[in-house]
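Accompanying notes for the structure given below.
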Amino acid sequence: MKKKVIIIGGGFAGLTAAAELCSSGYQVTIVEQRGFLGGRAYSFIDKHGNIELDNGQHILMGCYENTFRFLKTIGALDNLYIQESLSVDFLDKNGDVYSLDCPDIPAPLHIASGILGFSALSLPDRFRMLKVSKDLLLNKTDRTLEDSSITEWLNRLGQGKESRDNFWGILSYAVMNEGPDSASAYLFKNVLRKAFFSSRKGSRIVLPALPLSRMYVDSAEDYINKHGGIIKKTALVSGLIIKNDNVSGIRLRDGEIIKGDFYISAVPYFALKRIIPEDIMISHYEYFGVTEKLKPSPIISIHMLFDRTITDCIFFALINSPVQWVFNKGLIYRDKAPAGLLSLVISGAHNYISWSSKDILDMSMKEIEGIFPGADSARLLYSKVIKERAATFSPQPGVERFRPSRETPIRNLFLAGDWTDTGIPATIEGAVISGYKTAELIKKEPF
């Protein structure tokens, strides 16, 4: 008889674990409180603009091996835009373009070549950036950086203000969803080594070529259903039933109890305490209590649809701007995307999350008009500001000691999520890694 696994939460982590366990002979049930899957990475049809939008833009990289494995499993690997080689345009407030172009040569020489040609920095600053490359090569696992910020680490390596403002800061917001003064150098360094020093292909930018729900959610749902899985939507979990450090079932808000052999909580850290009984939180506070020490970091996405195409850049970073990245969905999406659709991103948006949507839109429009002189004559047909107040956990220095392992003190309860101990920041790859590792733990249990 098949062992039953109950998974709470249908984001990347939960879907990855479900797909892996379904294909390994387990009876899997996903319990999702909303009427759709996707967690913090989904798309929706906006009724006012009659347009499909992502709740937030996600950037993947060529080194996301686990994510590509998952997408291949569910048949969604072709739903991606993948660069031939790393190339990123950086635009300043005057609209001047500075390109980081990395040639088709082995890593890490391709990065060194790209840095030396990056004219947004002075030549001395470019050479100083190579000190970071040297540190990444020689000091591979540096646990001493766990309590250091990115800025502190860069200062030790002689990185000046220009390189921090025009490159490192922008990269920090993209990778960490936090500014370099507030983000862990240890986690940042882990990502840099994996992305830029594993292989040339590992550093390529990869983007969803379809809105997120069509990019992966629909395929994952089909795969799980075809492999005998059960997906219960609009099913709100009121709590786990735990006795003698063993889960016997989950109780839904409507009173239904769902029983299994193993249970995976794939919900965000701030939602975990809502489903763990209070007495368990107290008796195992050393494990579950750390989630109270994780803090959120917000992301704001601004979708703007113009009556014409205002740039032929596929995506680009902005220098010295509150908006860090702009994505030209009309060029990225392979079907049904209006030509003038741009998606702007403000990561680590602590200073702007309390702003009104109108003020955020006005500020974003001003940035676009300053960069592209023709934009002021283009007509804005539609706009949407989306605030994700708890988009990720904040990867502050020292945060690693607060990220729990996937094995809990409860014998048959496991955790999955990008906030668990993955060794990297809160990314799609981190969520998928946790999903696979949690599935492997269950597969090691007696069948």
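Just so you know, all these numbers are worked out from the coordinates, no wet-lab data involved. These numbers come from a predicted model, not from an experiment. We place every Cβ from the backbone using ideal geometry, glycine too, and count neighbours over all the protein chains shown.
As a length-normalised measure over Cα pairs under 8 Å and 6 or more apart, the relative contact order of the chain settles at 24 percent.
Separation of segment 17-83 and segment 165-206, taken as the distance between their Cα centroids, equals 23 angstrom. The Cα center of segment 387-447 and the Cα center of segment 370-384 differ in position by 41 Å.
Would segment 104-200 count as rounded, prolate or oblate if I go by the C-alpha gyration tensor, calling it rounded below 1.5 in a/c and otherwise prolate when a/b exceeds b/c, oblate otherwise?
Cα axes put segment 104-200 in the oblate bin.
Here the Karplus curve 6.51 cos²θ - 1.76 cosθ + 1.60, taken at θ = phi - 60°, turns the phi angles of segment 344-350 into couplings of 9, 10, 10, 8, x, 7, 4 Hz, with x standing for Gly and Pro. Label zone (Arg69, point 7 Å along Cα-to-C-beta; backbone nitrogen cut-off 12 Å) within segment 408-444: 432-441. When the C-alpha to C-alpha distance is required to be over 21 Å, the pairs from Lys194/Lys437; Lys201/Lys437; Lys161/Lys358; Lys232/Lys259; Lys4/Lys444; Lys295/Lys443 that qualify are Lys201/Lys437; Lys161/Lys358; Lys295/Lys443.
Taking each residue as 0.36 nm, the span from Met281 to Glu256 lengthens on full extension beyond its C-alpha to C-alpha distance by 6.7 nm. Shape analysis of segment 310-355 places it in the prolate category; the axes a ≥ b ≥ c from the Cα gyration tensor give an a/c of at least 1.5, with a/b above b/c. Compute the Cα gyration tensor for segment 1-118, then decide on rounded, prolate or oblate, letting a ≥ b ≥ c be the square roots of its eigenvalues: rounded whenever a/c is under 1.5, prolate when a/b is larger than b/c in the other cases, and oblate in all that remain. Since a/c reaches 1.5 but b/c is at least a/b, the shape of segment 1-118 is classed as oblate. For Met61, the residues whose amide H sits under 5 Å from its own are Val206, ignoring neighbours fewer than 5 places away on the same chain, with H placed 1.01 Å from N. Can you grab the distance from the C-alpha centre of segment 137-163 to the C-alpha centre of segment 225-253, Å, no decimals? Taking the Cα centre of segment 225-253 as reference, the centre of segment 137-163 is 44 Å away. If I take R0 = 51 Å and measure r between the Cβ atoms of Lys232 and Asp147 in this structure, what FRET efficiency does the formula 1/(1 + (r/R0)^6) give, to the nearest 0.05? Plugging the Cβ-Cβ distance into 1/(1 + (r/R0)^6) gives 0.75.
Here the Debye sum runs over all C-alpha atoms of segment 296-393 as equal scatterers in vacuum, and log10 of I(q)/I(0) at q = 0.25 Å⁻¹ comes out as -1.41. Scanning residues 5 or more positions from Gly423 or on other chains, none has an amide H under 5 Å from its amide H, with H placed 1.01 Å from N in the peptide plane.
Which percent, nearest 5, of DSSP beta bridges in the chain are antiparallel?
Here the share of antiparallel DSSP bridges comes out near 75 percent.
For the chain, what is the mean residue ellipticity at 222 nm derived from helices alone (per DSSP H run of n ≥ 4: -39500 (n - 2.57); sum divided by total residues; nearest 500 deg cm²/dmol)? Value at 222 nm, helices only, nearest 500: -9000 deg cm²/dmol.
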